[in-house]
1. Would you check which residues across the stretch 254-272 are surrounded by 14 or more Cβ atoms within 10 Å (Cβ to Cβ), out of contact with any helix residue (DSSP H, G or I) (no Cβ under 8 Å at 6 or more places or on another chain) and under 17 Å from Gly237 (Cβ atoms) and list them?
2. Condition test on Ser90, is it within 25 Å of Arg31 (Cα to Cα), polar (S, T, N, Q) and crowded, with 21+ Cβ neighbours inside 10 Å?
3. State yes or no: is Cys705 surrounded by 12 or more Cβ atoms within 10 Å (Cβ to Cβ), modelled with pLDDT of 75 or more and either on the phi < 0 side of the Ramachandran plot or of a type in the set (Val, Ile, Thr) (or both)?
4. I need every pair where a residue in the stretch 229-256 that is over 22 Å from Arg300 (Cα atoms) has its Cβ under 6 Å from the Cβ of a residue that is among the acidic types (Asp, Glu), sequence separation at least 6 or different chains.
5. Name the single residue, out of those in the stretch 41-61 being free of Cβ contacts under 8 Å to residues at least 60 places away in the same chain and not in a strand (DSSP E or B), that is nearest to Arg102 (Cα to Cα).
6. Name the residues in the stretch 357-378 that are under 17 Å from Thr310 (Cα atoms) and surrounded by fewer than 16 Cβ atoms within 10 Å (Cβ to Cβ), would you?
7. For the stretch 533-548, name all the residues that are at pLDDT 90 or above and surrounded by 13 or more Cβ atoms within 10 Å (Cβ to Cβ).
Amino acid sequence: MQGWVTLALLLSLRVKRSLGQNGVGELPVPRGLTLSPDLPAQTLSLTWQSDSSLFDLEIFHTELMNVVLNETVAVKADPVTGLHSWTWHSPLPLECTSHSARIRARNQQSVSQWSPLQTIPGSDIPEKSESFMFPQDKVVPVGSNMTFCCIVKEKDDFKEMMYGRQEMSATRLSRRTYAITVTNQPASGNTGTNVICCSQRLTLTGAVVFVGYPPGDEGLVCETRDLASAECSWKKGRDTRLRMKRSRTKYTLNGRDCLEANERKTWWCGSKVWEESWTLVARNPLGTVQLTDSAQLTDRVHLLAPVNVTVVEVEAWSATLQWSWSVAAYKKLEMVCQLQLFAHELSSTRNYSGPGLSSVVLESLWPDVDYTVTLRCGSKHSFWKWGNESAPYRIHTKMDRPDALDVWIRMDSSNTGRVFWKPLSMRKSHGALVGYEVSQSSAEEDGRTPVSVPPGNFSYPIIPNNSSDITVAVAARNPAGLSQPSTVTTPAYRADSQLSVSKLLGTNGSFVLSWQPNLNASNGYAVEWVPTGCSGLCPVDWKKVPESDCSFTVNSDSLVAGVRYTVSVYSLSTGAPTLLQRWQGYSQEMIPSQSVSELSPSQTGSDVLLSWKATAMEHQRGFIRGYTVYLANAAHLDLIANISDPEVQSYRVKGLSPSSYKFVVKAYTSAGEDAGSTVDIKIEMDTADMLFVGILVPLGIMFCCLILISICCYKKREWVKKAFYPEIPGPKVPGDWSSPQGPLDVKPSPHSLVHIVENPERDFTKEGLFPVPEEEEESENDNIEVDTDSDEPALLRYYNQVVGDGSHSNQVSDSSGSSTASVGSTQTEITYAGIQSPTSSQGACRGGGYRPQMQSVAGPAEPQIEFEADFQDDALNTGYKPQCSWQLDSPEAENFTGSLGSPTSVTSSRFLIPESSEEKPQPSNTWFHNFLSGKS
């Protein structure tokens, strides 16, 4: 305490010094300043005495002398006590730290001195060494701001403060006190929001704050259930989020606690007496709501549910329902009751009224139907609301005879037909059907015995009488009896081919029909629709139209998309129905389900004729508008033709070249194309064309080859000339052939004509034969002519020459070089000698003609040796001896010039290849030779 006194004296001296410096202090100092804290409300009340009405107030956090309030206020004195009082609301709990306050008076010109400092101690004084957290269990509204303080234990240090799971930034207020401020607080959970303070020694100190809403209840309504007491109810507002018992909402009705509502069981409160006005107060720590209501008793009658509901009497078409009330006062109350009937496919609501109503008669029920009945009532006078509903009650009505059937007859042909009838609904059957009875009659017959048909059948075949109309009657039977018979007369059969059938297009899946009125339609019209092409037991449907209507719409519910229907309109009278108009169409067209059939190609030359058959009607699923023809390539289809006439079922593709083709034909409706049929064909050339091409192609190839060969030969003519047509020297005969020629002396050889030398031995070291160059011979005998036309027999000597063994050096060579090539051969050689005249001489032989030269093998430089024609010496006839026996000194010799070198027979003196004297020897150069040589 001495420390506090010392602190107050120092503060007083500082104030006095300040006043002395300012030269003020004339106003009296307020007296008797006292501080009164309200800790739960966090308020500090100041009271004092003074004659002034304007004051300066200062409030400090005592330990650090932080000014938390410096304000000038005008406060009047209380007229009774004469005291001035003023209250300050602290944002910080007053327990957090010590607070000090002082006051001084003020007027317009001067101020008084400060009053002595008054202090209220906090929980952070040394005498309280434990740790604390403030405030504790505070209830605040959602969105409010709040400051929490933590006082750590003596000799301990502060670490952190947590709001829920969030660490907050703390402010130091004193040596041991730290504070955090939370703004816009959200609603707490069921157990509130925890605020925890932790010291360095892990000492935990905490508090709980409850953040919620004030009451929001509304709509107080009071009513009576027994015409005496009151029951008040209201709508609960939003959840206050305050779950603690001390913070829950409390309810009172006209000052009386509502126990049921306070225990949170219901939201109503009762009163044993009707008070005509009520006040409901709902209160919690955050606020209060007050609700009011008022009404007369008869205006708020809410009846209880009827009890003991039962059926007194049940018939096929009616039933009597009875019940009772649990409140006796209801018997005199004018009320209205509502019955709700529920059955399979049936439901209805009926109202009944009367005083104390307890029974009603239910009429217009359906036979053999299970009904479920519920009942509720209300006050008829100033109707407030329907009372509680009774428990459901079940009623089953009795059976009755069925209603008449809806009958129709359809002729399949001129002598067959079938009668149809529609099944009865539960409402019309009046009980489970056990079967049908069908009978037919005509003008010639009174009637036939009825035929029983099982309940699952809805048609029966008939055989019409060609002489008169047949009337068919059909009736339904159930355990209660037989229905009234329904009759129909057989109409005349009319096939589609016998009348004009119009095309009918669907509209949104339906058929919209209209026709011209008919005067004979005394009983109206009948519209029939059936799948086209159906025979036998077909799904026939029909609808009868009144006489006044000349239009009808066949709904999509009774039609199938993609099915062609035949729709007919008949006029109904006392006789047979008469056909007025007929259509065929689709309610909704689809693409064909199958492609065209029997697609086949036929080739004619370079053209292909594609033919096919239309898709069957049951697979068309729409009116065929035409066909498309495609040529299939590897990746796509190329459109060839679009045939818009569905009657055309063929197409000719022209001008195709020989190859393989794939064609696709598709039928299309208004919905699109089908998948298509595919056919392959290989285009081949025609037989005549193939023959023509077979002839021309080889000729063309041969002609081209000849041209190529000719071009090549022309380019290579020198080589071809040397290789295939070398130049051959003409024969040169030496001597004088001007003298007449003597007889041809043919002396046979003393030895055999042909001497074959077998295995001759050849000495290759001996000299060989070398022919005389043709140029020399040509120079010597250019002007010599031989007459071969003389009648003088010429001496033709034929020698059988055999290649010798090489012992002689006088061997000769043939002019063509063949003898030279024969030197090394082991085969026989035959040599033809020239033609000699009887007067031939050796000199003439040496003078000209063909002279083979014998040369030594050593080289051509050795001198040539002339051979003498000594045919008498056999020893010298071992080699090749050219003959030079022609004498050219006679004129006859000229006739032998053309026959020089020609072979002769050994038994005849005639030439084997004679030539006429008139013809001259042809030159060796021909046109081909000239062509190859390039000469013109």
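1. Those that are surrounded by 14 or more Cβ atoms within 10 Å (Cβ to Cβ), out of contact with any helix residue (DSSP H, G or I) (no Cβ under 8 Å at 6 or more places or on another chain) and under 17 Å from Gly237 (Cβ atoms): Cys258, Ala261, Asn262.
2. Answer is no for this residue.
3. For Cys705, the condition - surrounded by 12 or more Cβ atoms within 10 Å (Cβ to Cβ), modelled with pLDDT of 75 or more and either on the phi < 0 side of the Ramachandran plot or of a type in the set (Val, Ile, Thr) (or both) - is not met.
4. Gly237/Asp217
5. Ser50
6. Result: Ser359, Val361, Glu363, Asp370, Thr372.
7. Val540, Asp541, Trp542, Lys543, Lys544, Val545, Glu547
So that you can scan it fast, the table gives a plain yes or no per residue for (1) free of Cβ contacts under 8 Å to residues at least 24 places away in the same chain; (2) within 18 Å of Ser53 (Cβ to Cβ):
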| position | (1), (2) |
| --- | --- |
| Lys76 | yes, yes |
| Leu83 | no, yes |
| Leu92 | no, no |
| Glu95 | no, no |
| Ala101 | no, no |
| Gln108 | yes, yes |
| Asp124 | no, no |
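The values are calculated or read from the model by the stated rules, or taken from the named source; none is laboratory data. Remember, it's a predicted structure, so these values are computed and weren't measured experimentally. With ideal geometry, Cβ positions are generated from the backbone for all residues, glycine too; neighbour counts draw on all protein chains shown. Note: accessible area is taken over every heavy atom of the protein model, side chains too, but ligands, DNA and RNA are not part of it. Shrake-Rupley method; radii C 1.70, N 1.55, O 1.52, S 1.80 Å.
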